[in-house]
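Everything on this sheet refers to the single structure shown next.
The values are calculated or read from the model by the stated rules, or taken from the named source; none is laboratory data. Computed from a predicted model, the values in this text were never measured in an experiment. A quick note on method: Cβ atoms are made from the backbone with ideal geometry, for glycine too, and the neighbour counts reach across all protein chains shown.
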Amino acid sequence: MTIHFAIVGCRHSHIGMFINEMLALGHRCVGLYDPDDTSLAEQLAAKHGLPLMKDRDAFLDPALQVQVIGSASINCDKMELVEWAERHGIHVMFDKPAVTDREQLSRLEAVIRRGRIQVGMLLTERFRPAVYTLQQAIAAGQLGRLVSVSMRKPHRLNPASRADWFFEKRRNGGVIVDLLIHDFDLLLWLTGQQAVSVQAVMTKNELPEYPDFWDAASAQVIMNEGLIAQLYADWHTPDKSWTWGDCRVFVNGTEGFAELRLTGDPLVSDREELLLAVNDRDPLHLAELAEPPCSLTEDFLRRIEGQPAVLTHEHILAASALTIDADEGAVLVNRFGVPEA
């Protein structure tokens, strides 16, 4: 069955991935709409030959038969959109994050508990071959009992290319909410454990003209089976770096060690890699990567059809709640010594 879908909010190029995957699956995009900044919407419309709409209510036209909305809206506006979609029985796929504070988290939980629509989030890491291969190795016991997980996710900022809302914590959510949502989701998925405590720090090292923009964050998490995790993200990848961010994931277990190089290695290749060292195989080796059984978009559509899914509502809520916990309790270290907004 062909699904008719539309895009409401084009503030990040991540939404292009959702459009591409939906079109590749044979579904039809009926148009795009952004209430303020149409630059990316115009690019995507020209690329795919799609119409630009003047308002989102245009997608309620029965003739269009819109069943799914994809959105990369300003982060703080997403919950209002999902509530609008729920009123009209339209499923929603969001770019991350879906919520920016606890009040929005409660609203998301209420939508999910009512069960009228499916809500998805572009938590793409689960659907990368290297990450999927690591999860399968852990599930098979190759690393033994997990001891620790460490994730390092630097990002390139390019401030001149960012809209003003990006630097406002109320609208964007901040470095923990915007970036570490991926890592909290991966931590829960890879370990199969629950977090019992989280302590975080956010630091400000640049851009004093944006007083509540925090550019680096770290979190330490203790899981219910004793595993400890350290998560780190920042906006300090140099402009001339070979990649937007040299992202790494390290997992230690009683029987082995794994390292994910999610953007490859500049001295070897630019493809994602998984290095494994386990007691029953010597020496350290590159794992043969396995393709996930489906794409993120296919997984979301399976949920709509009532089939089992890799990324569920409960996973989205759990990762979002842990992210909000970390953000709310974060210690703030301001190198400029000015009060936070």
Next on the checklist: Between SER71, SER106, which is modelled with pLDDT of 95 or more, of a type outside the set (Asp, Glu) and touching a strand residue (DSSP E or B) at 6+ places or on another chain (Cβ under 7 Å)?
Outcome noted: SER71
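Looking at region 250-279, which of its residues are of a type in the set (D, E, K, R), in a loop (DSSP other than H, G, I, E, B) and free of Cβ contacts under 8 Å to residues at least 24 places away in the same chain?
ARG271
Do the conditions hold for ALA163, that is, is it surrounded by fewer than 19 Cβ atoms within 10 Å (Cβ to Cβ), over 25 Å from LEU260 (Cα atoms) and free of Cβ contacts under 8 Å to residues at least 24 places away in the same chain?
Working: surrounded by fewer than 19 Cβ atoms within 10 Å (Cβ to Cβ): yes; over 25 Å from LEU260 (Cα atoms): yes; free of Cβ contacts under 8 Å to residues at least 24 places away in the same chain: no.
Taking the combined requirement at face value, the residue does not satisfy it.
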Checklist outcome for this item: Only unsatisfied item for GLU255, checking (1) touching a strand residue (DSSP E or B) at 6+ places or on another chain (Cβ under 8 Å); (2) of a type in the set (Asp, Glu); (3) more than 30 Å from VAL278 (Cα to Cα), is (3)
Checklist entry - What number of residues within region 109-118 are within 20 Å of the chain's Cα centre (by Cα) and in a helix (DSSP H, G or I)? => result 3
Checklist outcome for this item: Within region 230-244, the count of residues that are out of contact with any Pro (no Cβ under 9 Å at 6 or more places or on another chain) and closer than 16 Å to ALA330 by Cα comes to 2
Checklist outcome for this item: Flagged in region 197-222 as touching a His at 6+ places or on another chain (Cβ under 7 Å) and either charged (D, E, K, R) or not assigned by TED's automatic domain parsing to the domain that holds LEU179 (or both), in numbering order, are ASP215
Item to check | Extreme residue, farthest from ARG302 (Cα to Cα), among residues of region 51-108 that are part of a helix (DSSP H, G or I) and basic (Lys, Arg) | outcome: ARG102
